[in-house]
Every structure is written in structure tokens, then in C-alpha cells.
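Structure, as C-alpha cells:
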Amino acid sequence: MKRILLLLSCLLAGVVLPTSCKITYKLNGASIDYTTTKTISFETFPIKASLVYAPLAANFNDALQAKYADQTKLRQVTQDGDLQLSGAITGYSLSPQAVKSDAYASVTRLTIRVKVKFVCKPNSTQDFEKEFSAYRDFDATMLLTDVQDALCEEMIDELVESIFNATVANW
């Protein structure tokens, strides 16, 4: 009899509790109200850095759009989306990080900076303009051409994740 009462209590709680409050868990981290936000538009992020790595813009733009396509239900439109992302790749630079006793660098840092403008038409208080950056260090004895594809892929992933979190994850 106690088991039946416990089972009925659990079943009743399973019916009553979900209707009395709304809790949503999203494994991708996105917190979007799809009743007011249905579309997203992207402007192409051009390279405006003094040092240019040709595949960077295309790879970044593709990765950014793929992230929203894969992890949200937003429909991508060419312009005037409920959410709008625009900006530019403003930096692609190399800098020495560790200097050996002979005054030559032993570690070089590759940095990518992206300026992002985010417009949220349903809630303009979430609009922002800010710069995101990512960097990777590599041994200075290596040529940039030998490591930049892999390093850029890692940094693009990091930048896209940061932009995604800042725009739709509300973190």
C-alpha cells in the first residue's frame, strides 16, 4: 500500500510540477525565445588586418554560420534578421613571447582579433559591439606556414564559441 501511494505521489508530481513552472535545459547553451526570435542574418566578416591570411575570412564566416545552424533553430536569412551579426577580422598578428639569451625569440604568438556588432531586434538591451580575440603560441623555430592552418582552425573555433556564448547563451 505504501508503494502504491509513493508511486501515485510521484506520478502526480510528474503531472502537476511541469505545468506549474517552466524549466528548460539546453545542452548547447543557447537560451533563445523562439516565439520572438526566429531568424538570424550574418554580414560577411572581411579581413581588415594589416597581415592577411587569405583563407581566414572564408573559414571564419563558414564556422560562425555553421555554429548557429547546428546549435539553434534560427532560420538564416540574408538580411534584417531578428538577430544580426556583423563585423570584421581586425587583427592577424605575430609577436615574440619568450626571448632566449641570444636575444632571439623562442616562442611566437599568433593572435586573431574580431570586432563584432550584435543586434537583437526583440530585445535591444542585448545589443553590443566588442572585440574578441584568441591566440596560440608556437615554437619560433617553426615556420608560420607550417602551423598556421591548424592554429587558425583552433582559434576560429574558440572565437566562434565566444561569440555564440555572448550572443545567444547569455553567459
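Quick notes on this one:
- Of the residues screened, residue 88 is not one that is hydrophobic (A, V, I, L, M, F, W, C) and more than 21 Å from the chain's Cα centre (by Cα).
- Search result, residues across the range 141-154 that are in contact with a Phe, Trp or Tyr (Cβ under 7 Å, 6 or more places away or on another chain) and either touching a residue at least 40 places away in the same chain (Cβ under 8 Å) or surrounded by fewer than 14 Cβ atoms within 10 Å (Cβ to Cβ) (or both): 148, 151, 152
- Flag if residue 166 is without any contact (Cβ under 8 Å) to a residue 24 or more places away in the chain, touching a Lys or Arg at 6+ places or on another chain (Cβ under 9 Å), of a type outside the set (Lys, Arg) and closer than 27 Å to residue 72 by Cα: no
- Residue satisfying condition, being basic (Lys, Arg) and free of Cβ contacts under 8 Å to residues at least 12 places away in the same chain, within set 67, 115, 100, 130: 100
None of the figures in this text is laboratory data; all of them are computed from the coordinates on show. Note that the structure is a prediction, hence the values are computed from the model and not measured. Positions of Cβ are backbone-derived with ideal geometry, glycine not excepted, and every protein chain shown enters the neighbour counts.
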